[in-house]
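Please treat every number below as a calculation from the coordinates, not as lab data. Since the structure is predicted, the reported quantities are computational estimates derived from the model, not experimental observations. Here the Cβ positions follow ideal geometry from the backbone for every residue, glycine too, while neighbour counts run over all protein chains shown.
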Amino acid sequence: MPSSLARDQPADFVYRFDEALSGRGSLRIEWSDVVGRVVERRRIPLNLSDSREVVFPLDMRRAVTAGNRVIAHLSVDGMNETGGNGRRESEAAASFIVPPPDHAWSDYQIIMWQGQTPAGYAALKQLGVTAGMIPANNRGQTSGFETSLDPLIRADLRCYLENMATDFYSPYHKWYDNREVNWRFLEAKQRYHANPGDHAAFIREPSLSDPEWLEKIHDRLVRNVRALHPYRPLYYSLGDEAGIADLAAFWDFDLSDTSLAGMREWLRGQYQSLAALNRQWGTAFSRWDEIVPITTDEALRRSNENFSAWADFKEWMDVAFARAIESGSDAVHEADPGAVSAIEGAQIPGWGGYDYSRLASSVDAMEIYAYGENIPIALSVNPGLILLTTSFGGGPAERHRIWRELLRGTRGLVLWDPNGEFVGNDGALGERGRAAAPYFAEIRRGLGALLINSDRPTLPIGILYSPASRRLQWLLERRASTEEWSRRTASTEYKDDAIRASTRQFARALEHMGVQHGYISSHQLRRGELRNGNYRILLLPHAIALAESEGAEVREFVARGGVVIADSEPGVFDEHGRRLAKPALSDLLPAAPSRSGAS
C-alpha cells in the first residue's frame, strides 16, 4: 500500500510473496468500504516468472468513505524458488484511508463534541451529524489520535482537532482537573487587590509576543497537522474560548518585557516620530525603549481627557492577540496549505482580543458565541470566514436559532451534549435527537448547501464598527461609575453599553424593515470602503472616536450624495483617545444642545 493516497487519482497497491514464484494463476481483488459496500471486485490473470510481487492499481476516485479495506486472494499453479511444484493459495488484507473530499464547507457540517459508543456514532450518522471531535494535548503528542479516530472512521464521520494550544491562547480560561477554569485570572486579581501598585498582576504568562513561545507553538501545530493530514479534519482548533485574559474580561495585560518591546515596535509604525508620539500622548520620552503605557487606574485619574497612552496600549493588545492567532494559522497552513485553522468560543466584540476588524482575518474558521452582532461584523470584515455556532439546548427556540444563524451566514453547528440527550450508548435517540431530526434533515438534504453557496444580497447601508469608540466608551462609563473596574468579570462585559445598545437598535430597526445591511470597520473606512459605490447610507452608532482620515472619508461620501445618520455627536475623540477641541464631524452633524455624545 502506498505511504499516502490522493483522492483524485489511482494508487498502486502491492501484493508481496514470501518467496519468488513462477507459474500461472490469478489475483482476486475485493475493495469494500466501512459501511459494507463493495467498491470494486475483479480478477487479475497472472503469468509469473521468478516474481516476488504483483502490483495492481485502485482508482481512489471511486472511494465514497474515508475508511476502506482491500482483500487480495492469490491462486497460482507453478514452481517456487526451491523448485517445489503445486498450487499456492494465500490471502492478505489491508485497511487504508482515502482522504475525504476537499471543500467540505460548501455544505453544512454538524459536529458532535462528546465521544460516543459505536452505536451512538452510527445513530448520529443517521441523524445527519457529519463529524466528531478529536482531542489534542498541550504537549503536542500525536500518538493517541488513533483511539479517537477509529470509531469515527468506522461510522463514516469526519473529525476536527480540538484545543491544540490552549496553554498559549487560553491560559486564563482552560480546563483543569482540580481547579476552576479561570483560577489563574482570579489569582491575578487577588494579587492586584492586595497591592494595586504591583504591576506583576498585569504580566500575562505566557506573553502573546514571546518569541520562544511562538516558536514552540508553531512546531507543535505543524506536528499535529502533519499527523492528521490524511484524515483532512474539518478544522484545526488553536484553542477554545481564547483571550488575552479570561474570555472577554477586561484586564491590564500585558506589561511583560516582551509585550512592551512589541508595543514599542508597533508604535513606530503608528507615529512618524517619537516627537509625534510625545505630542499625542502628552509625554516627554527621549527614546523609544523608554515608552510605557498608563494603566487603567492612571487613566481613570486623568483630568485632561487625553487617554492616548491607555487606548494605544489596549489597541496594541488586540494587535498582539490577532498576530498570535495569525501565527498559529500560518503554522497550520505551512503543514498543509489546504487545512482550515480555527478558534472556538469566540466572544462578544470588545475586550479579550475580540476586535473583529483584526481577528476575523487571522483564522479560516471560528466557532462563535453569537452576541453583540459579532456574526455580521465578522462576515463584513472577512466574507470568506467559516462560522459555526454551538447548540446547548433543544426545542422550538433552538430550532429557530439554528435556522436564523444559518440564514445569517454560519456554515456549521457544534453539538454540546454532556448528558447524552441526542443519542444513548445503545444508539437510541434521546429527546434532543428526536427534536432535531426533522430540521437536521432539512438542512443536510440540500437547503444548507444551497444557502451557503448563495450570495446574500444587501442594500447599500453600512453600520460603522469602531473598536476605538468602544474602548473609549468603556473607560468613560467606568469614570462615571462607582463600580471598581477590577471587580468586573467576563460576564459583566456582556452587559450593554451605549455603543452596543445603539448598534443593536440600528440593526434591529433595519431588520424589522426587511433591510439587509452590512458593517464597515474603522480600518475599512480609512481604506476607502465608502468609495466603492456599494453604500448610500452610513450609520454611526455612538461613534465617539474617529480618525482624521475617517472624518475625511465621511465628508467625501456626503459630497457624493451619501447619507450619514448618527445618534450622538461623532468624533468627540480622535482614534487614539484624545478629546478633540472640535468634534471631527461638527460641520456635518452639529450636536443637539442637550446631548454631549461622549457619556
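Would you tally the net charge around GLY420, using a Cβ to Cβ cut-off of less than 12 Å, leaving GLY420 out, and scoring K and R as +1, D and E as -1? Show your work: numbers first, answer last.
On the way: positive: ARG432; negative: ASP417, GLU421, ASP426, GLU431.
Surrounding charge for GLY420 is -3.
Going from the fewest other Cβ atoms within 10 Å to the most, the residues THR410, THR489 appear in the order THR489, THR410.
How about the range 459-542: which chymotrypsin sites (Phe, Trp or Tyr not before Pro) there are in a DSSP loop, with at most 11 other Cβ atoms within 10 Å of their Cβ? Those that pass, being in a loop and sparsely packed, number zero. In whole Å, what is the distance between the alpha-carbon centres of the range 149-167 and the range 325-350? Between the Cα centre of the range 149-167 and that of the range 325-350, the gap is 17 Å. So if I place +1 on the C-beta of Lys and Arg and -1 on the C-beta of Asp and Glu, and nothing else carries charge, what would the dipole magnitude of the chain be about its Cα centre? I want it in debye, nearest 20. The calculation lands at about 1300 debye.
Taking the Cβ of ARG578 as the centre, find all other residues whose Cβ is under 12 Å away and add up their charges (Lys, Arg: +1; Asp, Glu: -1). Mind showing how you got there, number by number?
Details: positive: ARG279, ARG302, ARG579; negative: GLU305, ASP312, GLU548, ASP574, GLU575.
After counting each charged neighbour, the total is -2.
Compute the long axis of helix 257-270 from its Cα atoms, compare it with the longest principal axis of the Cα atoms of the chain, and write down the angle in degrees, 0 to 90, nearest 10. The angle comes out near 70 degrees. Centre-to-centre, using Cα atoms only, the range 482-522 and the range 369-411 are separated by 16 Å.
Loop-located chymotrypsin sites (Phe, Trp or Tyr not before Pro) in the range 151-211 (DSSP state not H, G, I, E or B) with no more than 16 neighbouring Cβ atoms inside 10 Å: TRP175, TYR176.
Taking the chain as the reference, fit the longest principal axis to its C-alpha atoms, fit the long axis of helix 118-127 to the helix C-alpha atoms, and give the angle between the two in degrees, 0 to 90, nearest 10. Between the helix axis and the principal axis of the chain, the angle is about 70 degrees. Note on TYR356, TYR371: ascending count of other Cβ atoms within 10 Å places them as TYR371, TYR356, the fewest first. Between the helical axis of 548-559 and the longest alpha-carbon principal axis of the chain there is an angle of about 90 degrees.
Residues LYS125, LYS189, LYS314, arranged from fewest to most other Cβ atoms within 10 angstrom of their Cβ, appear as LYS125, LYS189, LYS314.
The lysines whose alpha-carbon is closer than 25 Å to the alpha-carbon of LYS314, local same-chain residues fewer than 8 away aside, are LYS174, LYS189, LYS495, LYS582. What longest range of the chain stays clear of loop-exposed GluC sites (Glu not before Pro) (DSSP non-H/G/I/E/B, at most 12 other C-beta within 10 angstrom)? Answer from the scan: 181-482.
If I model the range 461-566 as equal point scatterers sitting on the Cα atoms and use the Debye formula, what is log10 I(q)/I(0) at q = 0.19, 0.20, 0.22 Å⁻¹? Here log10 of I(q) over I(0) equals -0.96, -1.03, -1.17. Restricting attention to the chain, close to 55% of DSSP beta bridges with both partner residues there are antiparallel.
The convex hull of the Cα atoms of the chain, projected and averaged over all directions, covers 33.5 nm².
Near ALA339, within a Cβ-to-Cβ distance under 15 Å, what is the net charge of the other residues, with Lys and Arg +1 and Asp and Glu -1? Numbers along the way, then the final one.
Working: positive: ARG158, ARG220, ARG223, ARG226, ARG232; negative: ASP102, GLU162, GLU326, ASP330, GLU334, ASP336, ASP364.
Local charge sum for ALA339: -2.
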